[in-house]
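Below is one structure, written out as structure tokens; the observations come after it.
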Amino acid sequence: MNEHKNSTRTRISSLGEVELKYLSYGDTRDIAKFIVQKMTDRDFAVKVLFHQLVKPKIKFHKFQSLTDKSLEKIGRAFVKKEVYLFTYFQDTGDFFKDFRQAIQAQDEKQIEELRKTFEPIIRSTQEIFTSFHKNYASIIQPALGAGSYIQDTIRQFSSVAEQFRNAQLQIIESMKSNIEQYNATARILAESMKPQIDIWQRWAEQNKSVFDNISKHLAVFQKEFKITEEKAVMVLQKYKWFISPSIPIDFVFEIVQLGQKTGRQDKAMNELFVDYFSHNNWQNLEALTENWGKNALFRKRIRIIQDCIETLKNANKHTNAVNVILPSAIAQIDGFLTDYLDSKGIFYGCAYDDYKDRNTRRVKKVGRKSQFRRYISKTLASNLDDLTIDIFLNILFQHSQKGKPLKTPFNFNRHKIMHGEKVNYGRKDYLIRAFLLIDFLVNLK
């Protein structure tokens, strides 16, 4: 296993050793926001670099007050390390200007590529909006004063709505395999899909979040490394793994490369994740949790997570700390799920799974898992998010009955662990999955 050295490190006289965090999927969202803000080139560079600063722990105003020479030294080290972000960097002698233009150039290039990709899809979408609008008017408006025809009208409207919904899903499905960058997608959709009636304006606002958090750097999979999102999902799904927004991009490449080897690689895949996060006494796991406290819903739980990590770091070779930590981590996942649903107006009062009529199999009461799927925002590309949600709801929260085997035989299961039915859960790969799920949850909107 090669040692992971993802961070940018350099030294300046006024601060000593400086370390910048590797660029993750989640970081690209915040950096994209800086692009549209009005500020000087120097201030732009300061914001980007401070956003990634791991050490020393200093306030923004102190970092901002560094000399241009010191900032440039830090920035050049970052440019050299983060080749994905600075593909278009050109050194003209004005470093702060070059730094900003490189990021903007990459953003603009991907916007142009996406515009070409989505033009046919957007035209199709506009046609569907127009067609549906006509049907809506022809069916609903005549019924407004005709109470005796309401039931027939509703049935006709439902049929048209179902046709529109199916067409809409087909369009979104065709988009999924080509989406490379989230801000550009949102802007293109906002510019090109302007429905004229209020109901479709609301629809656009509600569904914009589907595209808001998709990482720019899925382009790297397709162009530079010839690795597609579908391949990554296939590999991860095969071994019941997934990624979260804070996972470094180059680590994903290692996952896919390992998955392309012949034969089953279950042990090697588990070791890849465990070795990465346990390296240097769990340094990367600690880094994963660093910003969780910024989530207002999760803030009250951060001390428990910090205690879990300290327990891991201080455990001796004769103690399996996972036996103690994993139930605590799962409890925090369970609690945060409740808090998240409460924040969406879905209060506790139903089971996790849908309650269905025994005879008709129709859903009589929607469960918490279905409601979570309905209101969840996106953190990564759709296929990657879907995989994470599947592990979350259908593995960890898989329906369980005492004494009966699980439908999907995998003991990373809340019910079996928390109710004490399974006692051989003390596996580090289970613990890593739990922490990745928390990272996924705290990045939801």
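Values computed for the structure shown
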quantity: Among residues of region 400-423, those that are farther than 18 Å from A329 by Cβ and within 25 Å of the chain's Cα centre (by Cα), counted; calculated: 1
quantity: Qualifying residue in region 334-353 (condition: part of a helix (DSSP H, G or I) and in contact with an Asp or Glu (Cβ under 8 Å, 6 or more places away or on another chain)); calculated: no
quantity: Residues being touching a helix residue (DSSP H, G or I) at 6+ places or on another chain (Cβ under 6 Å), in contact (Cβ under 8 Å) with a residue 24 or more places away in the chain, farther than 21 Å from V252 by Cα and among the charged types (D, E, K, R) - total across region 412-444; calculated: 1
quantity: Pair list, Cβ < 8 Å and 6+ apart or interchain, from region 254-275 residues that are farther than 30 Å from K313 by Cα to residues that are assigned to a helix (DSSP H, G or I) and of a type in the set (V, I, T); calculated: Q260/V235
quantity: Qualifying residue in region 4-18 (condition: among the hydrophobic types (A, V, I, L, M, F, W, C) and within 25 Å of H279 (Cα to Cα)); calculated: yes
quantity: K21 being outside the structural domain of E271 (by TED's automatic domain parsing), within 26 Å of Q257 (Cβ to Cβ) and under 21 Å from the mean Cα position of the chain (by Cα); calculated: yes
quantity: Hits in region 37-57 - residues which are among the aliphatic types (A, V, I, L, M) and under 15 Å from I103 (Cβ atoms); calculated: M39, A45, V46, V48, L49
quantity: Strands (runs of 3 or more DSSP E) wholly inside region 1-114 that include at least 1 residues being without any contact (Cβ under 8 Å) to a residue 12 or more places away in the chain; calculated: 8-12
quantity: Any pair with Cβ under 8 angstrom, 6 or more apart, that starts in region 323-348 at a residue that is closer than 15 Å to I305 by Cα and touching a residue at least 40 places away in the same chain (Cβ under 8 Å) and ends at one that is among the small types (G, A, S) and part of a helix (DSSP H, G or I); calculated: L326/A434; A329/A434; I330/A434; I333/A434
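The values are calculated or read from the model by the stated rules, or taken from the named source; none is laboratory data. On a predicted model such as this, the values are computed, not experimentally measured, just so you know. When we count neighbours, we look across all protein chains shown, and the Cβ atoms used for this are built from the backbone with ideal geometry, even at glycine.
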